[in-house]
Amino acid sequence: MSNMIFVNLPVADLPRSMAFYAALGFTNNPHFTDETAACMVWGEGIHVMLLTHDKWKSFTDRPIPPSTSSEVMIAITLDSKDAVNALVDAGAAAGGTADLNPPQDHGFMYQRTLADPDGHIWEPFWMDPAAMPPDA
């Protein structure tokens, strides 16, 4: 079996979150979806599990941080600067918040940030390793 990653995220409104991730191009895996959780697939081996707060609390006693806090940024690669811009723009149109941090363009790498409706921060980026300066 190949390696897979399941990013688990607590969400306040499961249908709203499913719609947000669908707008970014994720697809739903109905085999791991019910009224308490949804599995949204971004690519082969990469899944986002959206868990209602009650479902989340069945996995841990630790509190769900407020949406104004930041504990992790999930960085994902895309094929171009245009793809980065399109994903962030689609997320903003679907209820997310674009550019919590200023966009960064280093020539060989370009990144922006996007918060989902629950404040989980995604950092889509494009990078051209062949153009990376030797001291980067």
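Where a number appears in this text, it was derived from the coordinates with a stated rule and is not lab data. Since this is a predicted model, take the numbers as computed values, not measurements.
General remarks:
- Counting all C-alpha pairs of the range 72-136, share separated by more than 14 Å (%): 54 percent
- Acute angle (nearest 10 degrees) that the helix 14-23 long axis makes with the longest principal axis of the chain, alpha-carbon atoms: 30 degrees
- Choice from VAL48, VAL88, VAL72 showing the highest fluctuation, given a GNM over the chain with Cα pairs closer than 10 Å: VAL72
- Cα gyration tensor shape of the range 1-58, rounded if a/c is under 1.5, else prolate or oblate by comparing a/b with b/c: oblate
- Under a Gaussian network description of the chain, with springs only between Cα atoms under 10 Å, the residue in MET40, MET18, MET73 that fluctuates furthest is MET73.
- Alpha-carbon radius of gyration plus Dmax, which is the widest Cα pair, for the chain in Å: 15.7, 50
- The 3J(HN,Hα) values that the Karplus relation (6.51, -1.76, 1.60; θ = phi - 60°) gives for the range 122-132 are, in residue order, 10, 10, x, 8, 10, 9, 10, x, 5, 9, 5 Hz. Gly and Pro appear as x.
- Helix 81-93 axis versus longest C-alpha principal axis of the chain: approximately 30°, rounded to the nearest ten.
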